[in-house]
1. For segment 46-105, give me each residue that is farther than 24 Å from residue 136 by Cα and aromatic (Phe, Trp, Tyr).
2. Take residue 358 and decide whether it is in a loop (DSSP other than H, G, I, E, B) and either in contact with a Pro (Cβ under 9 Å, 6 or more places away or on another chain) or of a type in the set (Val, Ile, Thr) (or both).
3. Being closer than 14 Å to residue 194 by Cα and of a type in the set (Asp, Glu) is the filter; apply it to segment 142-158 and report the residue that is surrounded by the fewest Cβ atoms within 10 Å (Cβ to Cβ).
4. From (1) in contact (Cβ under 8 Å) with a residue 60 or more places away in the chain; (2) part of a helix (DSSP H, G or I); (3) under 21 Å from the mean Cα position of the chain (by Cα), pick out the condition that doesn't hold for residue 280.
5. Please verify whether residue 350 is without any contact (Cβ under 8 Å) to a residue 12 or more places away in the chain, over 23 Å from residue 200 (Cα atoms) and part of a helix (DSSP H, G or I), treating the condition exactly as stated.
6. Hey, can you tell me all the residues within segment 178-205 that are out of contact with any Lys or Arg (no Cβ under 9 Å at 6 or more places or on another chain) and surrounded by 15 or more Cβ atoms within 10 Å (Cβ to Cβ)?
7. Given the criterion more than 30 Å from residue 48 (Cα to Cα), in contact (Cβ under 8 Å) with a residue 24 or more places away in the chain and of a type in the set (Val, Ile, Thr), identify the matching residue among 309, 287, 261.
Amino acid sequence: MQHYNGDRTEKHIRKPHALFNALSAILPDATQTLLLRSCVLPDQRGGEALRSWLALQNDAQRALTRRFTKWLLPLVHEAVRRHGVHMDARLLTVLKTASLREDLRARTFLAICKSVVHAVSDEDRGAVLLKGAALAQTAYPDPKLRHSHDIEILVPSTDLLGVASALSTLRLSRIGHDPAGVVCLTHDSGLPVVLRRELFRVPFYNSIVTDACARAKHVVIAGAPARVLSPADALLHCCGHALHSQSRESHRWIVDAWFIVARWRDLDWEELMRIADHGRLTIPLAVLLTYLAYNLDAPIPLSALDALVVRAAAAKPIDGELALFGARSTGRGAFRTLLKREGNIAGQLRILKWMLLPSKAYMRWVTQKSDSLLVTAQYFVRPMRYFLRHISQVFNRRTLRAKESEARMGSLR
């Protein structure tokens, strides 16, 4: 199979869907991509990316220690060491300190994770370890390179509270229970443990959960038997979660997805596409894997990506609506921004239709109403709400400008 080799340019990209540009609102910008390349590429391309990123920074230390970037510090430190990149002594101290702290934290995290996984496995409820706790041990070259701020476990059993009770002997206290299927606990150390019945917050995507549990792989984590998602399911979970997660801005999912692809070169791409079709995740998967392949040189087969492009183009309208909902919820997902980013007329018309006349299936989900008359009424309420919101924003902007003008005039008196 032919693979991406990193020398392809933007003009070679085959757009996977009419909404490609709008959905790319969730992707990193060019500067962020340089930093991510330095963290994942093991050869000279990684070193070149890091030097280019440093050259663009007025204050690299501040850039690296922001809320959504500081989790990258151990990866950046490893890149500095691996590529022999010259760096300011103060920044190098920050990176070394962060790596040491993460190394110490990883040991404590792993000990707690071992006891939790062991207890859940003893319950024999088909539990599956998710996200960082699983990927750090199975996909990353070194577990300490993947910061994990919690332990998430998929428990397909309906008895979530029973599983939570079984964990009470491990210095875990229950702090929250969502009737939709999430139980939050916290360890005495402060580490959160989350039990969930579903993989995604969008119910349409959760049609894959039962089969994903059946496909889960048996592994050993810190000496304890555990089950984790198959590589295909783990990759799909990364991409689907990125679209609708509030923490997507950290771009942690990108590094996770890259290491999954790099670790399992024999990943079954046909199975991945079949699962994505079933879970209505083909469109976001095509957009996100295109980014990984062309911007981060992820070893994704060209034939697989081309096939995914074709499937995305044939996806049902609601699949695009759900993807737009995810893009809309980002900090860069304002309607005006989405329309501006989407350069082609077909994509812009799809966005406008979603704004004003979405499908009934989408309206039932987003309004949480099952009555047909109530759903129909939302078609009149929805555009009125947009109009009123726009008027309110215009009024607020004008009021703010008036206050600023008045303040300037006052300072001149």
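1. Residue satisfying the conditions is 53 alone.
2. In short, yes.
3. 150
4. (2)
5. The answer is no for residue 350.
6. Of everything in segment 178-205, those that are out of contact with any Lys or Arg (no Cβ under 9 Å at 6 or more places or on another chain) and surrounded by 15 or more Cβ atoms within 10 Å (Cβ to Cβ) turn out to be 191, 192, 193, 194, 195, 196, 197, 198, 199, 200, 201.
7. 309
Here is a yes/no grid of residues against (1) in a helix (DSSP H, G or I); (2) touching a residue at least 40 places away in the same chain (Cβ under 8 Å):
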site	(1), (2)
175	no, no
194	no, yes
200	no, yes
206	yes, yes
210	yes, yes
213	yes, yes
240	yes, yes
256	yes, yes
266	no, no
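The values are calculated or read from the model by the stated rules, or taken from the named source; none is laboratory data. Since the model is a prediction, treat every value here as computed from it, not as a measurement. Note: ideal-geometry Cβ built from the backbone for every residue, glycine included; neighbour counts use all protein chains shown.
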